[in-house]
Amino acid sequence: MMKRLIILTGPTASGKSGLSLRLAKELGCEIVSADSMQVYKHMDIGTAKISAGEMQGIPHHLIDVLEPTEEYNVTRFKDEAELALKDIYDRGRLPLIVGGTGFYIQALLYDIDFSDTAQTPYRESLFKEAREKGSLCLYEKLKECDPDAAVYIHANDVKRITRALEYYHETGKKISEHNREERRRTSPYDFRYFVLNKPREILYKDIDDRVDEMIKRGLVDEVKRLKDLGCKADMVSMYGLGYKEILKYLDGAISLDEAVYIIKRDTRHFAKRQITWFKRERDVIWINKDEFNYDDDKIIDFMLEKINNGRVTEEV
């Protein structure tokens with residue numbers, strides 16, 4: 001018998017965290033984070049991480065488990081998420097996957113193997129080129145060999161750009177085509193895959209407001225503390241939106257106003273790519289919040305109906 005799995009995802013600032021707590025209470029779930037940044041300790045403000053007090057006693061997994069100096073990737077996420085799922089199932093509970101990293105969700109949901117993480121000479125040369133010339137030089141290469149992948153991979157995401165270029169170099173195939181093939185895999189889970197969304201103009205305003213609030217709450221001081229811990233711009237943890245820009249400000253490369261402008265702009269672009277990714281996924285149930293008049297009670301009722309009455313694929 002297939003094990004049940006609930007997924008709640010969507011672009012940044014769509015309201016996943018608050019809704020996930022309500023749904024977890026209704027179903028007795030434990031939450032497993034599918035967020036590539038909230039896994040890090042000491043990185044709370046810039047990742048919009050839920051605090052221990054806000055968790056309302058609901059167990060959360062894969063939050064605050066790594067030091068910022070450690071590397072996190074899809075292979076590690078999948079391995080640790082599967083261990084968390086086993087633990088939750090063994091205790092008779094239902095897991096709820098919450099987060100906006102669609103690549104991680106896809107790997108877990110369809111049991112995709114990413115165990116080949118050996119550092120090849122070609123990969124090393126790409127990382128060296130990124131360090132010396134910046135990530136944009138690699139991104140231009142990606143746009144040439146795989147323009148579809150460039151749509152959903154950020155120009156600053158050196159890790160994913162490098163993976164895509166390496167895949168093309170080793171196989172002669174586009175990683176975007178590989179991802180489409182992987183999406184045709186059958187999941188080992190009986191799942192319900194919800195994507196939370198808002199109208200674009202509202203989402204973008206909420207993103208801008210969230211960034212302003214992060215600055216007010218002390219994002220600059222948070223990044224100062226990380227810098228004091230030895231965090232540098234080329235670390236995976238510092239690729240996160242907000243952190244690399246504030247590091248540049250602290251290093252005197254840009255002003256704070258410029259940093260805030262770039263964070264807002266790149267976060268909006270990131271949200272757009274997230275939506276593009278989720279539109280390509282199969283068997284998803286879209287929840288456009290405006291269609292529910294932003295009423296969480298109505299949204300929860302809708303989700304419970306879909307969960308209890310079987311999987312229904314909805315179009316955007």
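Here are the numbers:
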{"read-out": "Number of the condition not met by residue 178 [criteria: (1) in contact with a Lys or Arg (Cβ under 7 Å, 6 or more places away or on another chain); (2) closer than 20 Å to residue 282 by Cα; (3) outside any strand (DSSP E or B); (4) not polar (S, T, N, Q)]", "value": "(1)"}
{"read-out": "Pairs, first farther than 13 Å from residue 36 by Cβ in the stretch 91-112, second among the small types (Gly, Ala, Ser) and surrounded by fewer than 19 Cβ atoms within 10 Å (Cβ to Cβ), C-beta under 6 Å, six or more apart", "value": "109/187; 110/187"}
{"read-out": "Scan of the stretch 234-251 for residues that are closer than 12 Å to residue 156 by Cβ and surrounded by fewer than 14 Cβ atoms within 10 Å (Cβ to Cβ), ordered by number", "value": "234"}
{"read-out": "Matching residues in the stretch 15-50 - criterion: being touching a Pro at 6+ places or on another chain (Cβ under 8 Å) and part of a strand (DSSP E or B)", "value": "29, 30, 31, 32, 40"}
{"read-out": "Some residue of the stretch 223-245 being acidic (Asp, Glu) and either at positive phi or modelled with pLDDT of 90 or more (or both)", "value": "yes"}
{"read-out": "Selected residue [over 29 Å from residue 223 (Cα atoms), in the same structural domain as residue 273 (by TED's automatic domain parsing) and assigned to a loop (DSSP other than H, G, I, E, B)] from 57, 100, 53, 92", "value": "92"}
{"read-out": "Residue count for the stretch 181-199, restricted to those that are charged (D, E, K, R) and not in a loop (DSSP other than H, G, I, E, B)", "value": "4"}
{"read-out": "Residue selected from the stretch 142-175 under the condition outside any helix (DSSP H, G or I) and not β-branched (Val, Ile, Thr), by the criterion nearest to residue 244 (Cα to Cα)", "value": "156"}
{"read-out": "Lone qualifier among 281, 222 - being acidic (Asp, Glu), in contact (Cβ under 8 Å) with a residue 60 or more places away in the chain and surrounded by 18 or more Cβ atoms within 10 Å (Cβ to Cβ)", "value": "222"}
{"read-out": "Number of the exception - residue 81 against (1) modelled with pLDDT under 90; (2) under 27 Å from residue 47 (Cα atoms); (3) among the aliphatic types (A, V, I, L, M)", "value": "(1)"}
{"read-out": "Filter result (more than 20 Å from residue 25 (Cα to Cα), modelled with pLDDT of 95 or more and β-branched (Val, Ile, Thr)) within the stretch 280-313", "value": "284, 285"}
{"read-out": "Spans of helices (runs of 4 or more DSSP H) in the stretch 239-316 with at least 2 residues of a type in the set (Phe, Trp, Tyr)", "value": "243-250, 256-280"}
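The values are calculated or read from the model by the stated rules, or taken from the named source; none is laboratory data. The shown structure was predicted, so the numbers you read here are calculated from the model rather than taken from an experiment. Cβ: placed from backbone, ideal geometry, glycine included. Neighbour counts: every protein chain shown.
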